[in-house]
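One structure is given here, and the rest of the page talks about it.
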Amino acid sequence: MKKHALMIKSFIGFFWLTGTIFAQQPEPQPVEFRPISENLYEILGGRGAQGGAYIGDDGVLLVDAKMDKTSVDQTIEQLKEVTDKPVRYLVNTHSDGDHIWGNQFFPESVTFIAHENCRNDLFLPKNNNEPSDWYNSELAPYIPSVTFREKMDIFLGSKKVELWYFGVGHTTGDIVVYFPEEKAAFIGDQIFLTRPQLIHSYKGGNSFEHVKTLSNMLETLDAEIFCSGHSQAVGREEIIAQIDLMRKRQEKVKSLVGEGKSLDEIKAEFEENEERLVESIFNEIKNNNTGS
Ligand SMILES: [Zn+2]
């Protein structure tokens, strides 16, 4: 298949899968760099998720790739406004298209890095059971070629960037990119503030593990700023609030299951936009997949 046709097909497929998030946003805002420090920026706008850019001594590390050529071109243009150093690394926080599909529009010289489960997830069949687009050989140079399991440090000269894996949650391959000097953590889709948390059960995601993973992150990192794919940057209190909210939903589903209610009856006890998450929680409880 020609790359162009592949792009269009996957693009449509992606919107079909995630239409609930993006359907109302046909024309994205232009890509914009929001400074967190002299060296660290949050990348807002464009089509796809928010990411980050870190200017090291000898090159740039990006967090996530957005999902179309226009957004990547705009990212590169904006980057030129703040540095003439080359992009050396691009870290994908997980395997969702809005964070990784844009990899293919960066130069092949960039080293793509992700968690090993993220790389594996790229080859899972799509929701409609068609084989993954990532089997296309033209995309091979853009598949993360460096993976890790628990922790990896990347040095850009004297500057250190820490990649952490805290466990299963939104998928099985979500990581945190931590910038210790700034005390800033880029956490991908591990929190959502404007809609209920996404848990991709079909990628092995699990809401009970998610709570443990976020708690583990807060215990391990002294981060004060948390940047994520689809919400504004927040502090520790907001992460704690998200953990509490998830626990409350889980308790409510558990008690309704205990009363013998069906999935449909349980969904009716929640807001409409919580139904997908409630279904995941319900299945986790039914399958005794609620963590240890
Ligand atoms: Zn996302």
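The values are calculated or read from the model by the stated rules, or taken from the named source; none is laboratory data. Worth saying up front: this structure is predicted, and the values here are computed from it rather than measured. Here Cβ is always computed from backbone atoms with ideal geometry, including for glycine, and neighbour counts include all displayed protein chains. These accessible areas exclude ligands, DNA and RNA; they are computed on the full protein's heavy atoms, side chains included. Shrake-Rupley method; radii C 1.70, N 1.55, O 1.52, S 1.80 Å.
Data table
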read-out	value
Inter-part distance where segment 242-285 and segment 87-153 are each reduced to a Cα centre, Å	32 Å
Accessible-area composition of segment 86-162, carbon plus sulfur, in percent [1.4 Å probe]	46 percent
Extension reserve of the GLU27-LYS261 stretch, reckoned as 0.36 nm per residue once the Cα distance is removed	80.0 nm
Cubic angstrom per residue, convex hull over Cα atoms of segment 216-280	104 Å³
Within the chain, helix-based [θ] at 222 nm, where runs of 4 or more DSSP H residues each add -39,500 (n - 2.57), nearest 500	-10500 deg cm²/dmol
Dipole moment magnitude, nearest 20 debye, the chain about Cα centre, only Lys, Arg, Asp, Glu C-beta charged	580 debye
Convex hull volume of segment 165-292 per residue (C-alpha atoms, cubic angstrom)	96 Å³
For segment 97-211, convex hull of alpha carbons as volume per residue, Å³	125 Å³
Cross-link pairs beyond the 27 Å C-alpha cut-off, checked among LYS126/LYS254; LYS203/LYS254; LYS126/LYS159; LYS151/LYS248; LYS85/LYS126; LYS85/LYS212	LYS126/LYS254; LYS126/LYS159; LYS151/LYS248; LYS85/LYS126; LYS85/LYS212
Unit charges on C-beta of K, R, D, E only; dipole of segment 95-172, Debye	300 debye
Rg to Rh quotient for segment 40-102, alpha carbon positions, Kirkwood Rh	0.94
Fraction in percent of alpha-carbon pairs per bin - 5 Å, the chain	1, 5, 12, 17, 18, 17, 13, 8, 4, 2, 1, 0, 0
